[in-house]
Amino acid sequence: MMSTTPLIETHDLAVRYPNGALALHHVSFEIKSPSFMAIIGPNGSGKSTLVKTALGLIKPSRGTIKVMGYDSQKKSGKIRKLVRYVPQRDSIDHTVPVKVKDIVLMGRLLKKLPPRFATSKDIAAAKDALQQVNMEELWERPFPELSGGQRQRVLVARALAGEGSILVLDEPLAGTDVESQDLIVAALGRYHKENDVSIIMITHDLNPIHTLVEDVLLLKNTVIGLGEPCSIMDPELIKKVYGPTARIVEHSGHRYCMTHDSGIDRHD
Amino acid sequence: MIDIIQIIIESPFIQRALLASIMIAIIAAASGTFLVFRGLSFMASGVAHAALGGAALGIFLQDSGLVPWFDPILGALLFSILVAAFTGYAGESGITQKMEVAVGVSFALSMSFAVFLMYYIPPYKVPLIWGYLIGDILLLNDLDIIMLGSTTLLLAVITLMFNKEFVYVSVDMEGSTAHGMNARAYHYLMLIVSALAIALATKAVGAILVYAIMVAPAAASNELVKSVRGVIFAVFLIALFAELVGIAASFVLFVSPSAIAGILAALSYILALQIKRVRDRVDVEIDDFNLSPDDLNTTWNQAVANEHEDGHEH
């Protein structure tokens, strides 16, 4: 696609947390479209805040951020038509007895107007998406009964089932086991390759996806680095973000980043 | 059986009580269910007491001659909407704890306001304020039924139309907004319509019955039933059953129907917790039986292997 509109474009962006502390400052960068983009950085580095600001969920205290040329404040409606969003798993309520199918269909029905009836096409898309993360048998299962990794897979399926050229995923690998992680990463990689969509993924750790990712944004309340995975995997940069104990390890052709903070997987 | 029908046909107050039972059960199913889903069970009592402050304001304005047309019920509805709006504002980010705090604060504020006004209301009218909390399902008049009926209808229509949106707001408010749904509007709609229904139901049948019927059947169903539609339906049945038994009992024993209905509703929750515990125990026993030593061995080996891999990668 010969698109010249950048996926994300920020100018001197500054955003505060609800408690008033500065989450992001002096953030200016541009990412071409389409891209498979990873936003990495330690806890509290402003990754989620950046994404939420891009979707118009948080108001910046200075500067602007545009998604596909649309300003996140003035044109958030246009942006949200394009976006499919997977929030952090913990922000999903577990007391409502919704079924897996309800969650996945949500990805499609949210883009419709009330009464949001599910057509056979919607159901087929939802089933297909569940199949991609190997969860099609749990169609009728109550969502709150699933394990953490299974919930995460269902949420990724919700994004895959929907329509819209941008997938935004906030820590989709957090608290998942190796199997769920592999399934999610494979499904996203395949989806990005086969469809003309951009993927923006927040992650603690680049390792599981570093072969798929095209652009990496390294954040620690401001932009520390932006580039291809290999250039970001630089010992000096990583130390700057994750502290002096972080190391890069070369192992069978891949570079791995070792930190106290992240690690390839956090088992809950 | 024919005797009973005869009695019902001949007694308009029983007809009104039965109608009100159905309507309260609908309110509990439509509104109580979603309040429990959102962890806002406290809102039922918060709104009822806020309405008390509103009723006090109405009585004060009428009595002092400042605004003679201001009926206490208007004040009650106004205050309940204010509580809903305030709660909604505190919970715009979808955080339940903040909404509970907002309910608590507005509860305290309205009660203080009511007590403040009591000094300026002639003493013989003060019981009117408290009377707001003590309705009785057997003492309803036609106006009560019309008011309650129209709110129930409004609530039922809105819930039928927007039940998906209400579920989405309850499950994932942020994600719904990010996908382009106006989650904030539905969030407020749900709270305000619920508050109106709670305020009118309190006026009609009394606070105790409203707390019990709004919260306990929904909490009980949510423990046991595994679909949203199922929960709504179960709440309706439990609430209606409790109320009908309450009314029937009040003819046999010398008791208030609300008391019996409230006790039954509360018991339904305790019973549900117990059933769930027994059910979970049975589940665990079945799981244990399936876990043969072979399975455990493979799981163990896999776990060790994974740990080994992880060690390399870190």
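Structure values in brief
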| read-out | value |
| --- | --- |
| Solvent exposure of the protein assembly as shown as accessible area per residue, Å², 1.4 Å probe | 46 |
| Where B meets A: accessible area buried, both sides, 1.4 Å probe, Å² | 3000 |
| Sites A:T64 and A:S91 - FRET efficiency at Förster radius 25 Å, r taken between beta-carbons, to 0.05 | 0.45 |
| Fraction of accessible area attributable to carbon and sulfur, the protein assembly as shown (%, probe 1.4 Å) | 62 |
| List of region A:65-95 residues, accessible area with partners at least 40 Å² below that of the chain alone (1.4 Å probe) | A:R80, A:Y85, A:D93, A:T95 |
| Inter-site label distance for A:K75 and B:N141 at 7 Å from Cα along Cβ, in nm | 6.1 |
| Residues in region A:127-170 occluded by at least 30 Å² - accessible area, probe radius 1.4 Å, against chain by itself | A:E145 |
| Shielded by partner chains, region B:163-177 residues - at least 30 Å² of accessible area, 1.4 Å probe, vs chain alone | B:K164, B:E165, B:Y168, B:V171, B:D172, B:E174, B:T177 |
| Hypothetical label at B:I95: residues of region B:176-194 whose amide nitrogen lies under 15 Å (7 Å Cα-Cβ projection) | none |
| Within 10 Å of each Cβ in A:175-187, the average number of Cβ atoms from other chains | 1 |
| Relative contact order of region B:2-313, pairs being alpha-carbon contacts under 8 Å that are 6 or more residues apart, as % | 24 |
| Rounded to 10°, Cα long-axis angle of helix A:148-161 versus longest principal axis of chain A | 80 |
| Solvent exposure ordering (accessible area, 1.4 Å, most first) of B:F116, A:F29 | B:F116, A:F29 |
| FRET E, pair A:Y17, B:Q274, Förster distance 30 Å, beta-carbon r, rounded to 0.05 | 0.10 |
| HN-Hα J in Hz across region B:211-225 - Karplus 6.51, -1.76, 1.60, θ = phi - 60°, x for Gly and Pro | 4, 5, 6, 6, 9, 4, x, 5, 5, 5, 4, 5, 6, 10, 8 |
| Projected label distance in nm at A:E214 and B:F116, using a 7 Å step from Cα toward the beta-carbon | 6.1 |
| Estimated dipole of chain A in Debye, rounded to 20 [Cβ of Lys and Arg +1, of Asp and Glu -1, Cα centre] | 1140 |
| Whole-Hz ³J(HN,Hα) from phi, Karplus 6.51 cos²θ - 1.76 cosθ + 1.60, for region B:227-234, glycine and proline x | 8, 4, 4, x, 4, 4, 5, 5 |
| For B:D136, solvent-accessible area (1.4 Å; no DNA, RNA or ligand), Å² | 40 |
| In nm, spacing of pseudo-spin labels at B:V67 and B:D3 (7 Å Cα→C-beta vector) | 5.3 |
| Separation between Cα centres of region B:58-74 and region A:4-71, rounded to whole Å | 53 |
| Net charge over other residues, Cβ less than 14 angstrom from the Cβ of B:I260 (K, R count +1; D, E count -1) | -2 |
| Formal net charge of residues neighbouring B:M190 (Cβ-Cβ distance under 9 Å; K, R +1; D, E -1) | 0 |
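The values are calculated or read from the model by the stated rules, or taken from the named source; none is laboratory data. Because the structure is predicted, anything quoted here is derived from the model rather than measured. In this analysis, Cβ positions are derived from the backbone assuming ideal geometry, glycine residues included, and neighbour counts consider all displayed protein chains. Heavy atoms of the whole protein, side chains included, go into the accessibility calculation; ligands, DNA and RNA do not. Shrake-Rupley method; radii C 1.70, N 1.55, O 1.52, S 1.80 Å.
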